[in-house]
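Data first, discussion second: the structure below is written as structure tokens.
The values are calculated or read from the model by the stated rules, or taken from the named source; none is laboratory data. Quick caveat: nothing in here was measured; it's all calculated off a predicted structure. Don't worry about glycine lacking a Cβ; one is built from the backbone with ideal geometry, like all the others, and counts go over all protein chains shown.
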Amino acid sequence: MRRANVVGLGLIGGSIGRALRARGWRVQGSDVDGARAAEAVRLEVIDEAGLDPAAELTFVAVPALAVPDAVKHVLETTTGLVTDTAGVKASVVASTTDPRFLGGHPMAGSEQEGLEGADGELFEGAVWVLTPTAETTDEVFATVASVVSSLGAEVVAVTPERHDSLVAVVSHVPHLAAATLMTLADDRAEEHAALLRLAAGGFRDMTRIAAGHPAIWPDICEENRAAIVEGLDGLIAGLRSVRDVVDRTDRDALLALLTRARAARTNLPTRVARPADLAEVRIPIPDRPGAAAEVFTLASELGVNVADFEVYHSAEGAKGIMILLIEATASDLFRGGLIARGFRPGVRRLE
């Protein structure tokens, strides 16, 4: 039986515990609130309270500002690999040079809170970002990525700094925008009831994420302040531009804006479902540090969706073969990128 630890038994930590146990893992867990750990045992989120020093992998799922200290403690008291779930990565990754640590961020959430909202299927179809560095070995990356993938998530690899810049735009700024829009509606006190009764699907869709747990956001905004401020500046400038277009009744400019936005929204990547749409890429892992992580980072840079992957180790030594399933339409692009970086990929389309 594979063994794991979860530090921090809130929504994300609890969901990881449930997902791992559903796949046959034995899971131990800890929390600053001892009563919560006991409750997690009672709810069968984890098997036992406390940390297993010999666990294969420990997930640190505490607030962003608390992650560095928690990671340090886990690295000192356990012998396995360690990853985290914080929404900010550069400061977390910079806090340790231990090669057993690999930063991570599951792009998943819920309006539910705490253990009561823990859902073993929360990560199905979600993107789980890993942030390898030059010191990340193939073994560490492949192991963490394999476990994350087994929970139903799509693995994407980027550098810690690029993660923070990208996530500010696609996660942090949208949450703040949704909260602002919801507050604007709530400020209309005299017409509050009637206004919210008129709230149509568009308003509800845009403000859904404002129902998320607010306590995690002060830490995120502090740790990723520069990227979030830059993203908010871009949003404010965009809204000013739209305001001017509407104010001067520029129908052509407005139509062009909405058409571009519609096309971009329609072209958002989706998970591949049909085998006929997939190609298998077999890549001998070269004898250099970080090669496995480099493959995933390249896929992220090229916009290639990795539907599944495995790593087979050679009987002759430490070398192995990485096998990825990607969208067949992207196979030529991905193959070319791999060759340019010194890999020797083989590609075949699934029948």
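Among the residues of the range 81-101, those that are under 20 Å from GLY290 (Cβ atoms) and assigned to a loop (DSSP other than H, G, I, E, B) comprise LYS89, SER95, THR96, THR97, ASP98, PRO99, ARG100. Considering the range 92-122, the residues that are farther than 19 Å from ILE216 by Cα and in contact with a strand residue (DSSP E or B) (Cβ under 7 Å, 6 or more places away or on another chain) include one that is surrounded by the fewest Cβ atoms within 10 Å (Cβ to Cβ), namely ARG100. State yes or no: is VAL281 modelled with pLDDT of 85 or more, over 21 Å from the mean Cα position of the chain (by Cα), of a type outside the set (Lys, Arg) and not in a helix (DSSP H, G or I)? When the stated conditions are applied, VAL281 passes them. Scanning the range 19-37 for residues that are surrounded by 13 or more Cβ atoms within 10 Å (Cβ to Cβ), over 21 Å from PRO106 (Cα atoms) and of a type in the set (Gly, Ala, Ser) gives a single hit, ALA37.
Matching residues to (1) at pLDDT 90 or above; (2) farther than 26 Å from ARG225 by Cα:
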| position | (1), (2) |
| --- | --- |
| VAL156 | yes, no |
| SER171 | yes, no |
| LEU176 | yes, no |
| GLU191 | no, yes |
| HIS213 | no, no |
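When GLY152 is tested against (1) under 16 Å from GLY17 (Cα atoms); (2) at pLDDT below 95; (3) in a strand (DSSP E or B), only condition (3) is not met. Set side by side, the residues GLU113, GLU135 differ, and just one is touching a helix residue (DSSP H, G or I) at 6+ places or on another chain (Cβ under 7 Å), assigned by TED's automatic domain parsing to the domain that holds ALA19, in a loop (DSSP other than H, G, I, E, B) and of a type outside the set (Ser, Thr, Tyr), which is GLU113.
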